[in-house]
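The values are calculated or read from the model by the stated rules, or taken from the named source; none is laboratory data. It should be emphasised that the depicted structure is a prediction, and the values quoted were computed from it without experimental measurement. Because the Cβ atoms are built from the backbone with ideal geometry, glycine has one as well, and the counts that use them run over all protein chains shown.
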Amino acid sequence: MRAKKFLIVAAVGLIGATAVIVAQGRGQGQGRGDQPQAAPDPVQILVDRLDLEKYKATIKGLTQFGDRREGTQRNRDAVSWIEAQLKSYGCPTERLEYEVPARSGGAGANPNRGAGAGAAAGAGQGARGGQTAPRPPATILTEPNRRGTGGSTYYGITRPTGVNNNPENQPDEKLRALNMGPIIPGPIPEVFCTKVGATRPNEVYILSGHMDGIGYGEAANDDGSGTAIVMELARIFSMPDVTTDVSIRFALWNGEEGGLRGATAYRDQRKDLQGREDPPGSGKYPEPKWVGVIQHDMMMWDHGMPRADGTFSPEQRPEADFNIEFKIDSKMSADSMKLAWAVKAAADKYSKNYPGMVGPHMTNTDSAPFQDIVASLSMRENERGMMTGAGWNPHWHQPTDLYKTFSDKDFLLGLNSAQATLAAIAGLSGAKVK
């Protein structure tokens, strides 16, 4: 008898529970029976707003200014163009200026002080009179644990790297003429814009790329690709239906090729202003407290190591990835590693074509000036030391760093990095879409 009563009670309870579920389904479903409606993912909404053609168009716009060498008029014109684009997105801009140490050789001297500067003119894959310059021979490494840039270890086949310092290696006469503009004395400008956080405006993530280049090409990859990522993120986060709890700053550094000058100037000029309310009681923070820096530098080329004859695969390798690097021996390494794994988790979930890989050898990049102050990362197409430093990119600082050099698969690698950064920062900053 007790069992019978239990079954009756259970049946009544089951009927009641079913009625509640059905009622909820009718109220929350999308006309599909009792399927509840899932809450939209604001991160996915924002990631889906990234567009390959818009990314390519931004890179193409940057290449109209040639290699954008620091100190030239074309560099200043590019800063103004970037500023106008950021303003058009609704992202309020600011400028910062810094001085460059006097250069020997007068105002027109070449300021080639980047990685590999001083290499013989025409090094790498430059062209003279339309003819490809001879490739430096590749080296097959047999010695174990050969140390490279930033503590990385070189493996396999390597090629020498350098900077093309000879404008005659650029066969395009129009581009060659543009890139031969002189160095103009005076302060160097750079621009940034800020998405102000709704509830924690006194904290900021800095997303950055460097807009200058060298090599007498168009600096499409180094670093038009990273600059375009930051500009696209500024466009999306600045949309009127997007809010974030924490502020986000989009910085386009100048002078990276001369020795991280723009990023270092920003650090030195503004580090002591962090978190100060100005004017007091206004709720405005001209320089919020830095909580993370992510630099984007060369994002499109991962065709693998050079072959033994010095040539490269013409296609993006199927196992291509983008690298998320932190500096293992920096003062903020623990926080930087935590941020790196947050970006990696975002890449695993939201990057659609290529994965992100975490590494500990961040070096020679604009996040380095911040690495002992705040969590700092570098996003790259390849590990800076072991891969880029070993000659994996034949267009690095060469006349062939042109928009037309790269395929949609190459551009897509950069877009996938943008998906990872956007997703990670959207989550960390509490982004919402109205």
**Item:** Single residue of Gly275, Gly283, Gly255, Gly262 found to be under 18 Å from Glu190 (Cβ atoms) and assigned to a loop (DSSP other than H, G, I, E, B)
**Value:** Gly255
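So which strands (runs of 3 or more DSSP E) are wholly in region 292-394 and hold at least 1 residues that are of a type in the set (Asp, Glu) and surrounded by 23 or more Cβ atoms within 10 Å (Cβ to Cβ)? So that I can check it myself, show each step before the final result.
Working: elements: 322-325, 356-359, 376-380.
By residue number, 322-325.
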**Message:** If a residue counts only when it is under 23 Å from the mean Cα position of the chain (by Cα) and either of a type in the set (Gly, Ala, Ser) or modelled with pLDDT of 50 or more (or both), which helices (runs of 4 or more DSSP H) contained entirely in region 1-116 have at least 2 such residues?
**Reply:** 42-47, 52-63, 73-88
**Message:** With the requirement that a residue be buried (at least 21 other Cβ atoms within 10 Å of the Cβ) and over 20 Å from the mean Cα position of the chain (by Cα), what does region 278-291 give you?
**Reply:** Tyr285, Pro288
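For every residue, the table says whether it meets (1) touching a helix residue (DSSP H, G or I) at 6+ places or on another chain (Cβ under 8 Å); (2) within 23 Å of Ser367 (Cβ to Cβ); (3) in contact (Cβ under 8 Å) with a residue 60 or more places away in the chain; (4) of a type outside the set (A, V, I, L, M, F, W, C).
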| position | (1), (2), (3), (4) |
| --- | --- |
| Met180 | yes, no, no, no |
| Ile188 | yes, yes, yes, no |
| Met211 | yes, yes, yes, no |
| Tyr216 | yes, no, yes, yes |
**Asked** How many residues does region 166-202 contain that are surrounded by 21 or more Cβ atoms within 10 Å (Cβ to Cβ), of a type in the set (S, T, N, Q) and not in a strand (DSSP E or B)?
**Response** 3
